[in-house]
Every structure is written in structure tokens, then in C-alpha cells.
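Asker: Here's a structure for you.
The values are calculated or read from the model by the stated rules, or taken from the named source; none is laboratory data. On a predicted model such as this, the values are computed, not experimentally measured, just so you know. Heavy atoms of the whole protein, side chains included, go into the accessibility calculation; ligands, DNA and RNA do not. Shrake-Rupley method; radii C 1.70, N 1.55, O 1.52, S 1.80 Å.
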Amino acid sequence: MEKWNRRTFLKNGTKGTLGMLTLAVVPISLTACNNEETIDTSSLAKLGLLDDIKKGPFPKKINYSTTIKDAWVEQKREGFVYVNVDPENANNLLIMSPVCTHLGCIAGEVSDDEKSESSKELTFYCPCHGGEYDEFGINIGGPPPRPLDIFQPIIQNNEVYIPVLSSTERT
């Protein structure tokens, strides 16, 4: 039997402490290496498959219908967004809210027949007060103070989702 002295006690105590620390840290570090991130989609609206959305022509209108769950409250939401390819990065989607930034009316699509020679870039029009937007949602006429708000797309399993309750303001 080994005789316990101060040196043996400190050596064995250090080994035990390092062993316990290793058992605590290794599972946490392995979890951090897991690349599969699952996002809770209960508060998001699904727009469809990424491959389908990336097919033109652009801009396109995509309808959504979702039930948003917040604690014990559920809200049924229906609406639509306008989707285009981001002019700054063609690999990204530009998902625009149709809500006019002037007073919150809904901006609609303008047909080719409604476009005049002077406003060929006019794509979306808000009939309430004459708000005009181009194909990227940039305000080009009327009283809107800024471009259409956008949604940051969340892509999971090749499906595109948006946080329908929280659009991002553009300046």
C-alpha cells in the first residue's frame, strides 16, 4: 500500500481534478462542432423551395399563409411578398414587404400597360397617395420616404422562411 504524503496527495488530486474538468468540457466542445443547426420555424412563414423561388422572371409575387405560435397564442397570417435577386449579390434573394413606407397601404404591381414612357422603371405602385417603387423596392416617386422594407430569408432544408412579424427597414 502506497504511503500518502503531501506530494502524493497533490499529484493524485491534480489528476482527479483534470479528469473531471475533461469530462465536463469534452461534451460541450463536441456539441459546438455540430454543424446541423435546426431553426424553430413556428414563428416564420414558409415561402417555398429555394430552387423554385430562384427561378425567374423577377420580380415575382409569392403568397404565404401561416399560423404563428407565440406561447399559448396562435395568429393566422396571410399575405404576400415581392421577391427579386439582390442587385448587390446575385446569389442572395431580396424579399420585400408590400407595405408602403409612407402610410402603410399595400403597394401593388404595375402592369406593362400602366407604365408610361417616362417611368419605365416603375414596378410597384401604392394607390393611396401615389407611392412609386422600382423592381428592387427603391422609392422613385411620390411621398414614400424610403424603400420598401425587406425580410431576411432563413433557409432550412432547401425551404425559404421569413420572419413575417419583423421586417428590416432600409434607408
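Asker: In this model, which of 55/76; 46/76; 46/120 are farther than 24 Å apart at the alpha-carbon? Intermediate values should be presented prior to the final figure.
Answerer: Working: 55/76 28 Å; 46/76 13 Å; 46/120 32 Å.
Check vs 24 Å cut-off fails for 55/76; 46/120.
Asker: How high is the relative contact order of segment 39-171, in percent, counting Cα pairs under 8 Å that sit 6 or more residues apart? Intermediate results must be reported in sequence, preceding the final value.
Answerer: Details: 269 pairs, mean separation 31.4, N = 133.
Reported relative contact order: 24 percent.
Asker: Same structure again: Return the sequence-ordered ³J(HN,Hα) values of segment 139-148 in whole Hz as given by the Karplus equation 6.51 cos²θ - 1.76 cosθ + 1.60 applied to θ = phi - 60°, using x for Gly and Pro.
Answerer: 5, 10, x, x, x, x, x, 7, x, 4
Asker: Give me the number: length gained by fully extending residue 69 to residue 146, i.e. 0.36 nm times residue separation minus the C-alpha to C-alpha distance, one decimal in nm. Don't jump to the answer; show the numbers that get you there.
Answerer: Working: separation 77, 0.36 × 77 = 27.72 nm, distance 3.09 nm.
Extra length from residue 69 to residue 146 when fully extended: 24.6 nm.
Asker: Continuing with this model, one more query. How long are the three semi-axes of the equivalent ellipsoid of segment 72-171, in whole Å, if each is the root of 5 times an eigenvalue of the C-alpha gyration tensor, listed from largest down? Numbers along the way, then the final one.
Answerer: On the way: eigenvalues 123, 58, 29 Å².
So the equivalent ellipsoid measures 25, 17, 12 Å along its semi-axes.
Asker: So, one more: Rounded to a whole number, what % of the accessible area of segment 42-149 do carbon and sulfur atoms account for, probe 1.4 Å?
Answerer: On the way: 2820 of 6080 Å².
That fraction is 46 percent.
Asker: Please tell me the relative contact order of segment 66-113 in percent, rounded to the nearest whole number, where contacts are Cα pairs under 8 Å and at least six residues apart. Working shown, then result.
Answerer: Working: 44 pairs, mean separation 10.1, N = 48.
About 21 percent, as a whole number.
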